[in-house]
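Take a look at the structure set out below.
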Amino acid sequence: LAEAQAAWSALGGRHVGYLFPYSLDAFDNLFGYAKPGQYLNCAPVCVPFYVMHKVMAGMLDQYQHAGNRQALRVLLGMADWVVREVGALLARPGFGEAAWQQVLNTEWGGMNEVLYNLYAVTGNASHLRAGEWFNHFLWTAPLAIGVDDLD
C-alpha cells in the first residue's frame, strides 16, 4: 500500500498522501465539486469514506499490534490528506457546516473513530479536529439531549 500511496502522491497537488482504489472523482462527486449542491454517492464508487476508514483502521492496527512503522507512515499520509481535503471543503466560501452535514448523509464508516484513535497515538491536534468534523448531527444531536432513537 505504501507503493500505491507513493504513486498517487507522485501526481502532486491534491494527490499527496492519497490512498484509495479509485481516482479523486469519488470524493469530488461526494464533495459537490462536479455538481455544486449535489453530494453524489456511488459516482463512481459508493461510500468512499467508509472504504477509506477501513484502510486507515487496518493501518492503525498494523502499527499498534505489530509495530509496523511503515503502516503508520501510510496512515499519517492518509490522515493528512483528509485534514487538507475536508478542511479546504469546510473553508470554501458558500459551503459551510450545513453542506458538510449533507455530505455525511452518505455512509462515512468510522472516520471519526480512526482519527480519534490516531490522535491518541500522535497527539496531533489536526487528527482530533478532523475526527470532530465527522460528527453527524442527525445521529448525535438526539443522543446529546438524552433521546435514544437508534432502535
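I'd like to check something: does region 84-94 contain any residue that is touching a His at 6+ places or on another chain (Cβ under 8 Å), surrounded by fewer than 17 Cβ atoms within 10 Å (Cβ to Cβ) and farther than 19 Å from Y18 by Cβ? There is no residue in region 84-94 that is touching a His at 6+ places or on another chain (Cβ under 8 Å), surrounded by fewer than 17 Cβ atoms within 10 Å (Cβ to Cβ) and farther than 19 Å from Y18 by Cβ. Per the conditions (1) without any contact (Cβ under 8 Å) to a residue 60 or more places away in the chain; (2) surrounded by fewer than 17 Cβ atoms within 10 Å (Cβ to Cβ); (3) farther than 19 Å from S23 by Cα; (4) aliphatic (A, V, I, L, M), the sole criterion not satisfied by V121 is (1). Report whether or not A141 is in a helix (DSSP H, G or I) and exposed (fewer than 13 other Cβ atoms within 10 Å of the Cβ). Yes, satisfied.
A single member of V147, V82, V86, V114 is touching a residue at least 60 places away in the same chain (Cβ under 8 Å) and either aliphatic (A, V, I, L, M) or in contact with an Asp or Glu (Cβ under 8 Å, 6 or more places away or on another chain) (or both), and it is V114. When A144 is tested against (1) at pLDDT 90 or above; (2) over 27 Å from C42 (Cβ atoms), exactly one condition is not met: (1). Scan region 39-59 and give yes if some residue there is within 20 Å of N135 (Cα to Cα) and among the small types (G, A, S), otherwise no. Among the residues of region 39-59, at least one is within 20 Å of N135 (Cα to Cα) and among the small types (G, A, S), which makes the answer yes. Selection within region 96-111: residues that are of a type in the set (A, V, I, L, M, F, W, C) and without any contact (Cβ under 8 Å) to a residue 60 or more places away in the chain. The member of this set that is most open to solvent (accessible area, probe 1.4 Å) is A98.
The values are calculated or read from the model by the stated rules, or taken from the named source; none is laboratory data. Everything numeric in this text was worked out from a predicted model, so none of it was measured. Cβ: placed from backbone, ideal geometry, glycine included. Neighbour counts: every protein chain shown. Protein only, heavy atoms only, side chains kept; ligands, DNA and RNA dropped before computing areas. Shrake-Rupley method; radii C 1.70, N 1.55, O 1.52, S 1.80 Å.
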